[in-house]
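See structure below.
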Amino acid sequence: MKQIFVPTAESFIHEADAVVIGGGIVGVATAFWLSRAGLETVLVEMRQGLSTLTTPNSIESFRAQFTEPAMAELALPSIEIFENFAEVVEIPDIDISIRHKGYLFVTDDPAMIPDVEAAVKTHHRLGITDSEYLTGDEVSLRFPYISKNAVAATFRQKDGWLSTHEATQGFARGSRARFLVSTKALGITRDSQGVSGVETNRGTIATRVVVNAAGPFAGQVGNLLGLEIPVRPVRRQKAYITPRAEIPPNAPLSIDLARDSYWRPETGGALIGWVDPDEPVSAPSENIPTDRYFAAQNIENLLPLFPFWEGIAETLKASDVIVSAGQYVYTPDDHPLIGPVPEVPGFYLNCGYWAGVMLAPEAGKRIADLVTGKMQPTENSLRPTRFSEGIHLEGSSFLRGHSQ
């Protein structure tokens, strides 16, 4: 039987132990762990394939350099899963193209030096002991293409990037779940016990567990139950620059902390990105428009610390730049929402990510642990009830983006 398919009247699945809504890497990893926990699991995805919306429009990278305990608790084991992916999903020949090229957070603003030093101390306290503090001179020595104006940086060599498509497909192939594509959740039924089913455009699936992993559409899924989920989608653009000899091929993902702009090598070229502080909250959409001036503004922001981009910019043609856009999702404290919603027994959230790719493996496992009782809701600091409990998790990691 196919695992990933467009269901017909004959092949539609009418009953499951758990239904996951959303086929990005977060949802697919969740379905993987639920199925591995012994639950008959079905995932429904409204689009024609898995990992076709927000996941591939990310920078496809991972890092352990978080200063929030709750985020580090997800990031470290997630990276370990990526590093041992073939063994975890039990597919010996799978290759997710993991590259440990590192993450470099660098600044030319002397006023930021205390923050950079403090970040590394916090990393170490949270178990990220291979995060390094670099002085400006050390940055110049190790990364000679960076401006001599750099004054401080944090660096972790074992951070890096991967193929999100291969990772998502690997979780799907390695799971015992079934994935119904071109299948949109239209309603969630409930009775005196809690959730009782998911209504789709192809039929109803009876179930007692529903996981909302719908990314920027998580709020709309919550509305199906009359719930207001505090998530805010924000457009995040990136641009691919075609191969250029000037681009250092072995560079880490490099972030200018003062300007929230970043780049990394990609197949001879580069991916570049920028967190625009004026980007507004937007409605969830499958078709996110791009800004024709995005790449030019992005490169202008990169020039102060990465001056080699000036020569590249002078020779770029429109055909050398491919801009794409997705949506990151923010919560009131910029931490994801993971766990059960007490008002509707059986309804779980796994959403609210600005760092979904890098946290997805362990977040999916946490949902499975909560569903099976291996973890109690009160042991989970990312529980959705934290706001009503008066808990607001503090965040200070670099490149969080913003919520408005």
Give, as ranges by residue number, the residues of region 51-83 whose backbone N falls under 16 Å from the point 7 Å along Cα→Cβ of D130. 62-66, 75-83
Distance in nm between D17 and K2 label points, each 7 Å along Cα→Cβ, equals 2.6
Within region 219-252: backbone nitrogen closer than 12 Å to the V281 label point (7 Å, Cα to C-beta): 219, 229-234
What angle do you read, to the nearest 10 degrees and between 0 and 90, between the alpha-carbon axis of helix 25-36 and the longest principal axis of the chain? 50
In order over region 193-203: 3J(HN,Hα) from phi, Karplus 6.51/-1.76/1.60, θ = phi - 60°, whole Hz, x for each Gly or Pro, gives 8, x, 4, 10, x, 10, 8, 10, 5, 10, x
Take the alpha carbon atoms of region 1-143, find their radius of gyration, then divide it by 2.2 N^0.38 Å using N residues; give the quotient. 1.40
Tell me the trypsin sites (Lys or Arg not before Pro) within region 311-385 that lie in a loop according to DSSP and have at most 16 other beta-carbon atoms within 10 Å. K317, K374
Cleavage-rule hits (trypsin sites (Lys or Arg not before Pro)) in region 196-287: DSSP loop, at most 10 neighbouring Cβ within 10 angstrom: none
Along principal axes, Cα extents of region 99-254, largest first, whole Å: 64, 35, 28
To make sure I understand the rule: partners must be lysines, Cα under 22 Å from the Cα of K317, and not fewer than 8 residues away in the same chain. Which ones qualify? K238
q = 0.10, 0.18, 0.21, 0.23 Å⁻¹: log10 I(q)/I(0) that the Debye formula gives for region 1-85, counting C-alpha atoms only: -0.33, -0.93, -1.13, -1.24
For W354, list long-range residues whose amide hydrogen, built 1.01 Å from N in the peptide plane, is under 5 Å from its own amide hydrogen. V329
So what are the ³J(HN,Hα) numbers for region 258-266, from phi and the Karplus equation (6.51, -1.76, 1.60; θ = phi - 60°), rounded to whole Hz, Gly and Pro as x? 6, 10, 6, 10, 8, 7, 8, x, 7
In region 210-278, the GluC sites (Glu not before Pro) that sit in a DSSP loop and have at most 16 other Cβ atoms within 10 Å of their own Cβ are E228, E246
Taking every C-alpha to C-alpha distance in the chain and binning by 20 Å from 0, the per-bin percentages run 28, 56, 15, 0
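Only the coordinates and a few stated rules stand behind these numbers; no lab work does. Keep in mind it's a predicted model, so treat the numbers as computed, not measured. Quick reminder, even Gly has a Cβ in these numbers, built from the backbone with ideal geometry, and neighbours come from all protein chains shown.
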